[in-house]
Amino acid sequence: MEKYLDATREQFMDFMALPIDKPLKMLNLLKFKNKVEGSDISGEEQYNIYMKAAIPFIKETEAEVVFYGSARFTLIGPEAAEWDKVIIVSYPSRAHFVKMVTNKNYPAALRIAALEDSRLIFCEEIG
């Protein structure tokens, strides 16, 4: 099974080409590593370190974590695709999101080190 930890250049460029002119939500589906390579900590512990480091960037871009919780049970879909955590982050605009993730000091490596697999799904409100 293929794993996904970061956007490819093509995915990022496709996202940038979308006609988005209003606030957006990003749905994060997270599967943690049992242990982080070269460490005695779990992927979930590593992700908590990432979140502490990422919060200033989230606040700086006027974004807001609107949901952070456990993914408890897959009702529709394969059991193998179960996720450990789900996060929904609201951004005032695409520019705010891009400013955050392209900041040279953004702690993306901490996130990647924590994860076995993930999905980041752009969501747009209808209406």
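Miscellaneous remarks
- Lone unmet requirement of (1) exposed (fewer than 13 other Cβ atoms within 10 Å of the Cβ); (2) modelled with pLDDT of 95 or more; (3) not aliphatic (A, V, I, L, M) for Glu124: (2)
- Scanning the range 1-20 for residues that are within 22 Å of Ile58 (Cβ to Cβ) and touching a residue at least 60 places away in the same chain (Cβ under 8 Å) yields Tyr4, Leu5, Asp6, Ala7, Phe15, Met16, Leu18, Ile20.
The values are calculated or read from the model by the stated rules, or taken from the named source; none is laboratory data. Only a predicted model underlies this, so the values are computations on that prediction, with no experimental measurement involved. Cβ sites come from the backbone with ideal geometry, for glycine too, and all protein chains shown count toward neighbours.
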